[in-house]
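Student: Handing you a structure now.
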Amino acid sequence: MSKILRVLNAVRSLEIGISLSIQQYKLLTPSVLIGRLINAHQHLLALRISEYLGMNQ
């Protein structure tokens, strides 16, 4: 749960501007969120979140 909150806080920042609830995040899946970050040209944040969640393994 704490990992989810850290990810949500990172994407809620003013620079990113993706406002999601925990329920929306669970329905969206982390892969889709990473895709949205990439489409928003937030490549570094997408990389860091995917590494933090262990998606690169």
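Please treat every number below as a calculation from the coordinates, not as lab data. On a predicted model such as this, the values are computed, not experimentally measured, just so you know. Because the Cβ atoms are built from the backbone with ideal geometry, glycine has one as well, and the counts that use them run over all protein chains shown.
Student: Arrange MET55, MET1 by Cβ neighbour counts within 10 Å, fewest through most, would you?
Tutor: Going from sparsest to densest Cβ surroundings: MET1, MET55.
Student: Let me ask something else. Label 7 Å along Cα→Cβ of LEU44; the stretch 1-28 residues with amide nitrogen under 19 Å?
Tutor: The answer is 7-18, whose backbone nitrogens lie closer than 19 Å to the label point.
Student: For q values of 0.17, 0.31 Å⁻¹, compute log₁₀ I(q)/I(0) with the Debye formula on a Cα-only model of the stretch 2-52, without solvent.
Tutor: Taken in order of the listed q values, log10 I(q)/I(0) reads -0.42, -1.54.
Student: By counting other Cβ atoms within 10 Å of each Cβ, how are ILE49, ILE4, ILE18 ranked from fewest to most?
Tutor: By the 10 Å Cβ count, ascending, the order reads ILE4, ILE18, ILE49.
Student: Let me ask you something else. When Lys and Arg each count +1 and Asp and Glu each count -1, what net charge do the other residues less than 15 Å away from ILE49, Cβ to Cβ, add up to?
Tutor: Charge balance near ILE49 sits at +3.
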